[in-house]
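Everything below concerns the one structure shown next.
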Ligand SMILES: [Mn+2]
């Protein structure tokens, strides 16, 4: 969203408009008889699980009964199944906007009452009888950085009762999961951050924005720092150890390795300075230092203490079919937290497995003749990865994100990935290399919607990350259409050699 000084008033009006919308939704919801069981449906990513956690806690506090489902995609089949259930009241969080027409047709038109708390882009219709729709886009707010699905759910929850302000930190975990945190929060996320601080659930410290600091040894953290690469250090374990030693820091403590959290203040300053100097030729060397979000009720040294890692843990739970464990972890259940941590381990294995498959497929591509079917197509500023059954459909977006973020591809390269889902569906993800480029210039959701429509598929998502679902039998047709449309939109003339595309196996949400 534009933040020119002249737009300030307009911005305040938009925020007011959204809050009014949420308040009306909460008022309508308050009128629902407490004997009714609320049918809750949410998305399976970190934002979706955070949204579900906020709403569940709210419903429990209101003495309401609920039944929850987590859906990777809200397809027409899912809508039909939901409609066949005996519930009268449905709440959709972090999804629903993109399927508004389907929900109207199958649920609202049959007299069921539908609440949608979402932040995805409006596609077609957005208002109908029996439908209560709260979405920042309806107030003119772009919501790729400004507010998440969990944020909208939180505002709804807070409108129902001020005492739900102690759930603000969960909304921020959702926002972080949706990559809305960019060296700080903006707009509504900023207000939610103030609520979390006031509630005492979260504190913000300034530090090195490295991933895994609560759990991994310091040298491993530096080795894997792909979001903020440290030249000469990232990618090499021995270089990372040497770098730490050169700063006058002993990388070891006793028999083990030191973690960032083990460093004293002097060492922290030397490390921060050293890292920034090492990055001096990068575009913004100091961007590696910034806000770190600490969940105060989690114990020191637990990966759950860093909100960014918590978001990754939720992604892991959602993508590996343990959504309820993730939600339980959000709500503070100890057993759920333990299992969520185990799931995080499994998830990391899945990711490295996906990356291994990708790199192997990339290598074997070169040995195939032109008539043989390639699982990875590299041409015209695009990478098309057709994993078929080799990668879980819930992991294909993660793979596309990692490939897009790996330094091997020029900014502007499209990364399109496909994997088989149950019932003869194929799940698709679209990302663009060079994140900053996407802002304002590209709308991946629109682009993917156009491509998917050519084979009767459905798409959704955001400007910078889009997903779609098509029938598997139309994969080839889809890929042909994708080549055509992506080539027409490409920015760069040529794509870098695949050997440069080797990716660092780090975990990104
Ligand atoms: Mn979301």
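Every number here is computed from the coordinates shown, using simple stated rules; none is lab data. Small disclaimer: the values here were computed from a predicted structure and weren't measured. Cβ sites come from the backbone with ideal geometry, for glycine too, and all protein chains shown count toward neighbours.
Based on the alpha-carbon gyration tensor of the range 356-501 and its eigenvalue square roots a ≥ b ≥ c, which shape applies: rounded if a/c is under 1.5, prolate if not and a/b is larger than b/c, or oblate? All intermediate terms of the calculation are to be shown ahead of the outcome.
Working: a/c = 1.41, a/b = 1.01, b/c = 1.39.
Since a/c stays below 1.5, the shape of the range 356-501 is classed as rounded.
Using just its DSSP H runs of length 4 or more, each adding -39500 (n - 2.57), the chain gives a mean residue ellipticity at 222 nm of -13500 deg cm²/dmol after division by all residues.
Kindly rank 127-139, 304-316, 476-488 from highest to lowest mean number of other beta carbons found within 10 Å of each residue. Spell out each step's value before the answer.
On the way: 127-139: 18.8, 304-316: 26.0, 476-488: 16.5.
Listed from highest to lowest mean packing, they are 304-316, 127-139, 476-488.
The relative contact order of the range 5-194 comes to 25 percent, based on Cα pairs under 8 Å that sit 6 or more residues apart. Which shape class, rounded, prolate or oblate, goes with the range 258-417 when its Cα gyration tensor gives a ≥ b ≥ c as root eigenvalues, a/c under 1.5 marks rounded, and past that a/b bigger than b/c marks prolate? The shape class here is oblate. Taking the Cα of residue 88, stepping 7 Å toward and past its beta carbon, and measuring to each backbone N in the range 99-113: which are under 17 Å? From the range 99-113, the list is 107-113.
Where both partners of a DSSP beta bridge lie in the chain, what percent of those bridges are antiparallel, to the nearest 5?
On the way: 33 of 59 bridges.
Percent antiparallel among DSSP bridges in the chain is about 55.
Among 382, 21, sorting on how many other beta-carbon atoms sit within 10 Å of each Cβ, with the fewest leading, yields 21, 382.
So how do 236, 86 line up by other beta-carbon neighbours within 10 Å, fewest first? Could the numbers behind the result be given before it?
Details: 236 14, 86 6.
Ranked by crowding around the Cβ, least crowded first: 86, 236.
Quick check: Cα centre of the range 131-171 to Cα centre of the range 378-407, how many Å? Taking the Cα centre of each part, the range 131-171 and the range 378-407 sit 31 Å apart.
Provide the FRET efficiency to the nearest 0.05 for the residue 33-residue 198 pair, computing r from the beta carbons and using R0 = 41 Å.
Details: r = 33 Å, r/R0 = 0.81.
Step by step, r from the Cβ atoms, then E = 0.80.
Quote the FRET efficiency, to the nearest 0.05, computed for residue 356 versus residue 423 with a Förster distance R0 of 30 Å and r equal to the Cβ-Cβ distance.
On the way: r = 27 Å, r/R0 = 0.91.
The computed FRET efficiency comes out at 0.65.
Divide the volume of the convex hull around the Cα atoms of the chain by the residue count and you get 153 Å³ per residue.
Judged by the gyration tensor of its Cα atoms, with axes a ≥ b ≥ c, the range 5-194 is prolate; a/c meets the 1.5 cut and a/b is the larger of a/b and b/c. Listed from fewest to most Cβ neighbours within 10 Å, the set 67, 336 follows the order 67, 336.
If you wrap a convex hull around the alpha carbons of the range 173-252, what volume per residue comes out, as a whole number of Å³? Please list the in-between numbers first.
Details: hull volume 9.4 nm³, N = 80.
Here the figure is 118 Å³ per residue.
Averaging the sequence gap over all C-alpha pairs within less than 8 Å and six or more residues apart, then dividing by the number of residues, gives the chain a relative contact order of 12 percent.
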